[in-house]
Each structure stands twice: as C-alpha cells, then as structure tokens.
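Just so you know, all these numbers are worked out from the coordinates, no wet-lab data involved. Quick caveat: nothing in here was measured; it's all calculated off a predicted structure. Using ideal geometry, Cβ is built from the backbone for each residue, glycine included, and neighbour counts are taken over all protein chains shown.
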Amino acid sequence: MTLTLERQDLMPGQQLIGAEWREASDARRLDVSDPATGSVFASVPDGSAADARAAVDAAHAAFATWRAVPAKQRAQIIKRWNDLVMAHQEDLGRLISREQGKPLAEGRGEVAYAASYIEWFAEEATRANGEVIPAPVPGRRMFALKEPVGVVAAITPWNFPAAMIARKIAPALAAGCTVVCKPAEDTPLTSLALVRLAREAGVPAGVINIVTASRERTPEVVDVWLDDARVRKISFTGSTPVGQHLARRSADTLKKLSLELGGNAPFIVFDDADLDAAVDGLMAAKFRNGGQTCVCPNRVFVHERLHDAFADKLAGRVGALKVGPASDPASQIGPMINARAVEKIERHVQDALAKGARVLTGGRRLAELGPHYYAPTVLVNADATMACSCEETFGPVVPITRFGDEAEVIAAANDTPFGLAAYFYASDVRRIWRVAEALESGIVGINEGALAAEAAPFGGVKASGYGREGSVHGLDDYVHIKYLCQGQLS
Ligand code: SIN
C-alpha cells in the first residue's frame, strides 16, 4: 500500500545533487519496503559511483560560498529548517514509522528529537568562538580560529532515520561545511524529506547532497568519498567493523573521523537500588525502538538480593507490552527492521537457552503478526559465554545475570571491547561516584534510563568509536583550528 502524506512532495523519489533532484546515473532503482509486512511501498534511486562523484563536485563547489556566509545568517537558515521539520512532524513521523517500523508515537518523537539537534546547532553556529592567546614576546599577537573542515561525508544508520541525519548535517552546516550524505538502504525516504525541507529553509544548492544506494552499491559510493581528498571528514554511525574499515581507508587522505559504533551496554542493579525505579529505567532504555538502539542495555546484572523480585516484576511489564505495526496506535513494539535482524535475535536466544538460560517471558518469533516480529523477552541465568552477552542483540531481549559483589560486576561490565553506554541503579553516593568513574564507557546513566539530549555529548570509547555528537563539543568535530601569529606590532 502506498503512503499518503499531507505533502506528497516530501517523497521526491529522487536523490539531490547540487540543485537537481535526479535519478541514478544508470537509472537503477532501490525498493523500499515496510518492515511490518515485508512489502515494497516506494522506491528511490540506487546511486552509483558517478553519482557519488557528482555529489562531491557539487559539495566542493558550494563550500567556498557557504563557508563565507556569516554565522548568524547560517544560523537563521538552520533555525528555519528546524521550524519546517517541526511544522511537518506528522508527515515525517509517518515516513519514519513506515520505513523503519517504530510505532507512530515514537516516529513523531524522533522528529522532535531530530529537530532538537537542528535547533541546538543553529544556536551553536554563532558561538564558534576562537581564542586570543597571550603572546610570549612583545610585538606579537596570537590567535586561534575555528574553520570548517570542508566537505563532510555523512553515512547514517536505519534505526533513527531522522535524528542521525540531523545530528550530523546540522553541525556540519553550522560550522560552514558542505555535505554528501548516504542514508541507510533500508530507510532512505526520511532523509530525502528532511533534505527537501532544508532546501526550502534556504540551504543553498550543493550544500547538502544526498545519494541513496542499495547494500550492494553502497561500497562503490562510499569508496569514491574515501578516495577523494576533497572529502575532509567522515561522520559514520553503524557497526564497529564498518567503522574500522572507514578509518583504515581514510588513512591515505587523512580525513577527520567521527565514529559512533556498536555498543554492549551493561545495566547494573545494586542491592541499594530503588527496585521500581530500576525496572522503569530498564523498560525505558531497553524498549525504545524495540531494542534497536546502540545505547540499549544489552547485559543486565542484578544483585542476588533483588534478583528474583526484579526479574518477576520486569517479566510482568515486558509480557504486557503490545507488539504490532506502527499503524496501530496501541503498538508499543514494532517489527524488527528486516529478516537478518530477526534471525540474529533468534540465534542469540537459542544460544542462551542451549547454554542454560531460562525464558521468563517471550522467547519466540511472532510470525502470526508478520515476517519480522519477535516477542519481547526476558531471560534469566545469562552468563558471559552467551552470544547475547558478547554481541549487540539489537532487539527486545533482556538477558539477566545474577551477581554478588561490586568489584566483580564492574569487571564483568567492562569485560567487552565496547564502551558506548552503561547504566546503574544505586543509592549510596560513594558507590555512585566509584562505579560511575570505573565504568569504561562514553555515557553513563545513573538512576536514569533515558539519556539522550541534544545538549549532551553522545559518543563512545574503545571499540564504540570516537568523536562526540550534540552538546558544545559536537561542533568541534566539524572544524579545525587555525593558528595566526602576527608580528612587527611594536
Ligand atoms: C543510536 O542508536 O545510534 C542513537 C541512539 C540515541 O540517539 O539515543
């Protein structure tokens, strides 16, 4: 079934290069399907290497003029983009839900979340202050300026089709950079709509260019950007192996990189935790987007004194979640993005059961609803040998491990190559600081499950990558520092 919007032109069905909405150079198309049914409801161009090159040409040409636009004027344009995004919240929310599968309320929420980054960076554009440095000798003045790095390649994931584009493109524009963007092959529609609104807001031709491409064609598009020295930065959100590949391939042209990669977040409930608050926090953190976020708790450790009560209460809440398509207003958990995602979840649960875990609720596909549904699941007796403890499940599965000792659980929480988010619930203030400082992760939730905010620095350590998105630091990833030294002044 086709998707009807108030503004049907928010589905241009073409990619934007320079001023022109176009087909792929060889007219190939990429089908977009509804994860709830698996059926195709739209299509976009399947972009090629030639399109990728044309996008860099356009972005490079536009850079000279965009960087010279006064910061205040850039800020006004970006702010107008934010206003247009919010004015079309309903259409954008419906697009997100349809192509990504999240319930409509979450789709609308994601639009507001995306807009919050656009608004934030509109404001930050005017604050890219440099420094006046005290000179060590008379007759000199020394300054540090922040300058835009140049053309940025933004490569975005499917789980937040609006928010991830927003938090890469908005800071790039604010800094004075121009952009070539490739959205995820599963969710290209939202990005095209956002870019259409950006043009309406006054973003000049060539400042944002977007190439849509299938999984098969993505390497040829991205290789063009990796090889082209005019692309000065890559901002990527996605898996660690792809992030490592981008870093290796960026070495020859020494691009600046922001890599927001995989996670394996621990969620620890200590014996002095407020049990009800911990259950609420886990529900909020784990079931956002059906468990398909890289900051979702992946391993849950509960102190032996609270374990049984926590597991029972959690299983009751999880078992009551309503699973269904985004189109049903009662749905709280939508379908997973595609068949590969459901297969991975199924593999993790089967592996855990084979190694001694026990299902308290869920533990099966919901084939009666459609091809990509999996029941929200709670497992107990999980341990570190299981795939669900070592790999990111990216689905609605909570594996619980019992623990007895603080040092032991911190070691277990840190026993992963990843370090994006971590959560814990406790009340003793000394423990809170001890644990917060000991956890090896870029983000720590303390008695809180909902962490995301445009004013906060989002990013990881270890194999979860580097760079920060959002916050006052988010702009730094898009600028370089130029040092000016003026002599002969006395
Ligand atoms: C992500 O899953 O990559 C982003 C999640 C968030 O913004 O909270």
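Points worth noting:
- Rounded to 10°, Cα long-axis angle of helix 307-319 versus longest principal axis of the chain: 70 degrees
- Pairwise FRET efficiency - D383 versus R430, Cβ, R0 = 30 Å, nearest 0.05: 0.55
- Cα-based Rg of the range 1-159 normalised by 2.2 N^0.38 Å, two decimals: 1.36
- Distance from the range 136-157 to the range 177-191 (C-alpha centre basis), Å: 26 Å
- With Cα atoms as the point set, the radius of gyration and Dmax of the range 431-487 evaluate to 15.7, 54 Å.
- Relative contact order for the range 1-73, counting Cα pairs under 8 Å that sit 6 or more residues apart, in percent: 27 percent
- Most tightly packed first, judged by the mean number of other beta-carbon atoms within 10 Å of their residues, the peptides 454-460, 65-71 read 454-460, 65-71.
- Gained length - A229 relative to A407, 0.36 nm times residue gap less alpha-carbon distance: 59.3 nm
- Annotation: amide H of D46 within the under-5 Å range of A24, R28, R29, L30, sequence separation 5 or more or interchain, hydrogens built in the peptide plane.
- Reachable lysines from K355, criterion Cα separation under 25 angstrom, eight or more residues apart if same chain: K286, K313, K344
- A cut-off of 5 Å between modelled amide H atoms, ignoring neighbours fewer than 5 places along the same chain, links F403 with V302, H303, E304.
- Residue-span extension gain [D272 to A339] - 0.36 nm each, minus C-alpha spacing: 20.0 nm
- Other residues within the sphere of radius under 14 Å centred on the Cβ of R28, judged by their own Cβ, net out at -4 (K and R +1, D and E -1).
- Percent antiparallel among DSSP beta bridges (both partners in the chain, rounded to 5): 45 percent
- Based on Cα atoms of the chain, Rg over Rh with Rh as the Kirkwood radius reads 1.00.
- Oblate is the label for the range 273-399, because a/c, from the alpha-carbon gyration tensor with a ≥ b ≥ c as root eigenvalues, is 1.5 or above and a/b does not exceed b/c.
- For the pair A27 and H473, a Förster radius of 51 Å applied to the C-beta separation gives a FRET efficiency near 0.75, rounded to the nearest 0.05.
- Angle between the chain longest axis and helix 71-87 axis [Cα atoms, degrees, rounded to 10]: 40 degrees
- Ranked by the mean number of other Cβ atoms within 10 Å of their residues, highest first, the peptides 123-130, 190-197 come out as 190-197, 123-130.
- The range 193-320: C-alpha gyration tensor shape, a/c 1.5 cut-off, then a/b vs b/c: prolate
- The range 319-378, relative contact order in percent, only Cα pairs under 8 angstrom and at least six apart counted: 33 percent
- For the chain, the relative contact order comes to 18 percent (Cα pairs under 8 Å, sequence separation of at least 6).
- Helix 339-354 and the longest principal axis of the Cα set of the chain meet at an angle near 40°.
- Average silhouette area of the range 109-182, convex hull of alpha-carbon atoms, in square nanometres: 6.2 nm²
- Averaged over residues, the count of other Cβ atoms within 10 Å places the peptides 401-409, 368-376 in the sequence 368-376, 401-409, highest first.
- The label-point distance for A105 and E90, in a model that sets each label 7 Å from Cα toward Cβ, rounds to 1.8 nm.
- In this calculation the C-beta distance from K482 to K72 is compared with R0 = 22 Å, giving a FRET efficiency of 0.60.
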